[in-house]
Amino acid sequence: MALTLKTRTDVQLEVRDRFKARRLGLRLTQAGLARRSGVTLGSLKRFEATGLIAFDSLLKLALVLDCLADFDKLAAHDSTSLETRTLDEVLAAGRTRKKGRVK
């Protein structure tokens, strides 16, 4: 088993590259994607140049690029997504209150 260590910047740039490749694969211009998603053209250009974008804007782009479901497992406690749980399980999980520790 290989161990790969990625920095925050590595992940940021990989996500940027994947989104750009997806946009190009769908033959969308930056202006076209910006218009369809509601993200400003400036924000999209900055994202494709630097990898920096607001999370809400990233989700808007993902919706248009048909990859919003990829966020289902992001920071999930276990390997199951919301899709694989019943409504009763989702509601039961919402009833337990969890607190963070104060430092």
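Numbers at a glance
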| quantity | calculated |
| --- | --- |
| Computed FRET value (nearest 0.05) for L13 with A93, which takes r as the C-beta separation and R₀ as 22 Å | 0.05 |
| Cα gyration tensor, the stretch 8-72 - rounded (a/c under 1.5), prolate or oblate | rounded |
| Calculated from backbone phi, Karplus (6.51, -1.76, 1.60) coupling profile of the stretch 30-47 in Hz, x at Gly/Pro | 4, 5, x, 5, 4, 5, 5, 8, x, 8, 5, 4, x, 5, 5, 4, 5, 4 |
| Cross-link reach list, aspartates and glutamates versus K6, counting only Cα pairs under 13 Å and skipping chain neighbours closer than eight places | E14 |
| Residues A49 and F71, FRET efficiency given R0 of 25 Å [Cβ-Cβ distance, rounded to 0.05] | 0.65 |
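A short reminder: the numbers here are calculations on the coordinates, not readings from a lab. Keep in mind that this is a model prediction, so the values were computed, not measured. Ideal geometry is used to build each Cβ from the backbone, glycine not excepted, and the neighbour counts take in all protein chains shown.
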